[in-house]
Amino acid sequence: MIELLELTKRYGEHLAVDHVSFTARPGRVTGFLGPNGAGKSTSLRILAGLTPATTGTATVLGRRYADLPDPGREIGVLLDASAQHAGRTGREVLRVAQETMGLPRARVEEMLDLVSLTPEEAKRRVRDYSLGMRQRLGLATALLGDPAVLVLDEPANGLDPAGIRWMRDLLRDHAARGGTVLLSSHLLHEIEVIADDIVVIGQGRVVAQGTKEELLHDDRTLVRAAEVGTLTAALQQAGWTVERVDPADPAAGLRTDASLAVTGQVALEARLPLLELRAADGAGLEEMFLQLTADTQREAA
Amino acid sequence: MSTTLTTPSAAASAPATASSYADRPAPPPIPFARLLKVEMRKMFDTRSGLWLMASVGILSALASAAVVLWAPEDEVTYGSFAGAVGIPMAIILPVIAILSVTSEWSQRTGLTTFTLVPHRGRVLAAKTVNALVVAVVGMLVAAVVGALGNLVGSALNGTDVVWDISVSDFGAIVLANVLGVLIGFMLGVVLRSSPAALVGYLVYVYVLTGLTFTLAAAQPWFADLQPWVDFNYTQGALFEGWSNTGEYWAQLGVTSLLWLVLPLAVGSWRMLRSEVK
């Protein structure tokens, strides 16, 4: 269980994190979604006690991070896989963490095995690791103490498709065993495929949160046809609102508040062949996310 | 009477099912001895750490060899060996202390260190104790290598072995090196960057010493003041020419307060509150 309550971080005039509140529950994977620079990493660093909050609180299993007696055994944190001493071997990185947590030495080999780092790779120094290998090593460090809670910042970065699939299964399994998983990403799809709950953040503020079903639910209809202009006119004539999914690309189709049946009927009466007709689920979240990303980019420009 | 209790065997055979993480007791706190052990390990488990440790022995041996080869016969005494061996130690030992602190920032390992041990003061305390241990052990190793050099050198020259350093002189040299190591440690804590702290240490030891020496030679008022404000001066005296007087120890105390204790206190205070990125 992770609880952020009215968390705020101010750098001079800039509000990096602006009254962020949400809860990541046990048994569920919570996705923390936002464009780059939205305040995800800062929020997670505050949670892990690395950055002092300006105001607000963050708790892990009901306690402030600093009050955890041996944090690695209750919460596994991976904030930046590249933050390792380049001159240390992979195995030695795990040995240091294992000794800090007072765990048996065999745990290191178990973790190397779990994240598929071969004995040969474990002997190499971290400077010679690819980003994917560092990501695996970071996951191994986070999982070492068998913690109930996992916090991972952009864990899919640098992993190949098979690695991403493997990590997804690992995190799903952790939640299935009653663990709490909070992971951040700037990719909507990444969060969609793994998360049970989603928190969307933009410019330091939480702009949406709920279960995946709630956030993806959309009553509207998505329809694609070759003759986009004619279909638009026909739907509008029938009194429905219509908009292009992507204003620049007619082939992306139309979104309308007409139901599936009504849209089909309108197309039939207009004698228009359809290429696709389905519920617009997820479109709302995608629109919001694109809007956020665009706003953030404008802000930065 | 409750009849809904699960049998022990059922509970034990299902450790990996739902809520195996629920209601686990909190682990015991991390003992300080464990931090000491981990921090000591981190000093020497990297390639650079390994070489720094090895160089304590290697450079002591090279310095001793230089005395054997090039010193005039009547100067093959323990004092010459101790002096020669002490020069590389005055650099290596503080560098070990500096990197033990700054690598947490320059190599960004602090992200892991301080998430595993959120009480940064405890990590810093463990690092301080270890820096002192390394300083003393390093000096003992150097002293032994120097002693071996003295035995070998005298034997090669066919002269009597001369032990011209008293126990109190040796104690003073160890203290001087410990203070040097603490200066390096302090710079690491204050600057939190390997290159800045390393350069800072060299500037402090070499450039600043030259400047204050010149100033004292030119300005009599500074020459009078120097023993009370110049830590290089009071610390350097421990190597040669210190006097076991209350005034000297007071000067050493005042200058260490000024150059060591105060900056270390301010640096530590800032480090505990800084952002680890």
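Once the stretch A:234-244 is narrowed to residues that are hydrophobic (A, V, I, L, M, F, W, C) and in a loop (DSSP other than H, G, I, E, B), the residue that is surrounded by the most Cβ atoms within 10 Å (Cβ to Cβ) is A:Trp240. For the structure I just gave you, tell me whether B:Asn157 is polar (S, T, N, Q) and surrounded by fewer than 22 Cβ atoms within 10 Å (Cβ to Cβ). Yes: the conditions hold for B:Asn157.
Kindly check whether there is at least one residue in the stretch B:217-231 that is closer than 20 Å to B:Ala90 by Cα and open to solvent by less than 20 Å² (accessible area, probe 1.4 Å).
First, pick out the residues of the stretch B:217-231 that are closer than 20 Å to B:Ala90 by Cα: B:230-231.
Okay, now just the ones that are also open to solvent by less than 20 Å² (accessible area, probe 1.4 Å), so B:230-231.
Checked against the condition, which is being closer than 20 Å to B:Ala90 by Cα and open to solvent by less than 20 Å² (accessible area, probe 1.4 Å), the stretch B:217-231 yields at least one hit.
The residues on offer are A:Ala208, A:Ala279, A:Ala234, and the sole one that is in contact with a helix residue (DSSP H, G or I) (Cβ under 7 Å, 6 or more places away or on another chain) and at pLDDT below 90 is A:Ala279.
Here the condition is being within 12 Å of chain B (Cβ to nearest Cβ) and hydroxyl-bearing (Ser, Thr, Tyr); of A:Thr23, A:Thr51, A:Thr30, A:Thr8, it holds for A:Thr51 alone. Among the residues of the stretch B:172-185, is there at least one that is under 22 Å from the mean Cα position of the chain (by Cα), under 30 Å from A:Ala81 (Cα atoms) and touching a residue at least 40 places away in the same chain (Cβ under 8 Å)? Looking for residues that are under 22 Å from the mean Cα position of the chain (by Cα), under 30 Å from A:Ala81 (Cα atoms) and touching a residue at least 40 places away in the same chain (Cβ under 8 Å), one finds at least one in the stretch B:172-185, hence yes. The set of residues from the stretch B:229-247 being under 24 Å from the mean Cα position of the chain (by Cα) and part of a helix (DSSP H, G or I) comprises B:Val229, B:Phe231, B:Asn232, B:Tyr233, B:Thr234, B:Gln235, B:Gly236, B:Ala237. For A:Glu214, the conditions (1) in a helix (DSSP H, G or I); (2) within 17 Å of A:Ala24 (Cβ to Cβ); (3) touching a residue at least 40 places away in the same chain (Cβ under 8 Å) all hold with the exception of (3).
Rundown of residues vs (1) buried (at least 18 other Cβ atoms within 10 Å of the Cβ); (2) touching a Pro at 6+ places or on another chain (Cβ under 9 Å); (3) free of Cβ contacts under 8 Å to residues at least 60 places away in the same chain, yes/no style:
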| position | (1), (2), (3) |
| --- | --- |
| B:Val162 | no, no, no |
| B:Phe170 | no, no, no |
| B:Gly210 | no, no, yes |
| B:Glu247 | no, yes, yes |
| B:Leu262 | no, no, yes |
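Scanning the stretch A:245-279 for residues that are open to solvent by 80 Å² or more (accessible area, probe 1.4 Å), part of a helix (DSSP H, G or I) and not hydrophobic (A, V, I, L, M, F, W, C) returns A:Gln265, A:Glu269. Between B:Thr234, B:Thr209, B:Thr255, B:Thr214, the distinction of being out of contact with any helix residue (DSSP H, G or I) (no Cβ under 8 Å at 6 or more places or on another chain) and among the polar types (S, T, N, Q) belongs to B:Thr214 only. Considering only residues in the stretch B:47-65 that are touching a helix residue (DSSP H, G or I) at 6+ places or on another chain (Cβ under 8 Å) and within 11 Å of chain A (Cβ to nearest Cβ), the one that is most open to solvent (accessible area, probe 1.4 Å) turns out to be B:Leu50.
Only residues that are open to solvent by less than 40 Å² (accessible area, probe 1.4 Å) and either away from chain A (no Cβ under 14 Å) or touching a Gly at 6+ places or on another chain (Cβ under 7 Å) (or both) were counted across the stretch B:31-46, and they come to 2. Is it the case that A:Arg168 is of a type outside the set (A, V, I, L, M), more than 13 Å from every other protein chain (Cβ to nearest Cβ) and without any contact (Cβ under 8 Å) to a residue 40 or more places away in the chain? Judged against the criteria, A:Arg168 is a match. In the stretch A:83-106, the residue that is farthest from A:Arg125 (Cα to Cα) out of those that are out of contact with any Leu (no Cβ under 6 Å at 6 or more places or on another chain) and away from chain B (no Cβ under 11 Å) is A:Pro104. A:Glu99 falls short of the stated requirement of being over 30 Å from A:Gln291 (Cβ atoms), in the same structural domain as A:Asp146 (by TED's automatic domain parsing), more than 24 Å from the chain's Cα centre (by Cα) and surrounded by fewer than 17 Cβ atoms within 10 Å (Cβ to Cβ).
Just checking, does the stretch A:70-82 include any residue being more than 14 Å from every other protein chain (Cβ to nearest Cβ), assigned to a loop (DSSP other than H, G, I, E, B) and buried (at least 17 other Cβ atoms within 10 Å of the Cβ)? Looking for residues that are more than 14 Å from every other protein chain (Cβ to nearest Cβ), assigned to a loop (DSSP other than H, G, I, E, B) and buried (at least 17 other Cβ atoms within 10 Å of the Cβ), one finds none in the stretch A:70-82, hence no.
The values are calculated or read from the model by the stated rules, or taken from the named source; none is laboratory data. Everything numeric in this text was worked out from a predicted model, so none of it was measured. Every residue, glycine as well, gets a Cβ built from its backbone with ideal geometry; the counts of neighbours run over all protein chains shown. These area figures cover heavy atoms from the full protein model, side chains too; ligands, DNA and RNA do not enter into them. Shrake-Rupley method; radii C 1.70, N 1.55, O 1.52, S 1.80 Å.
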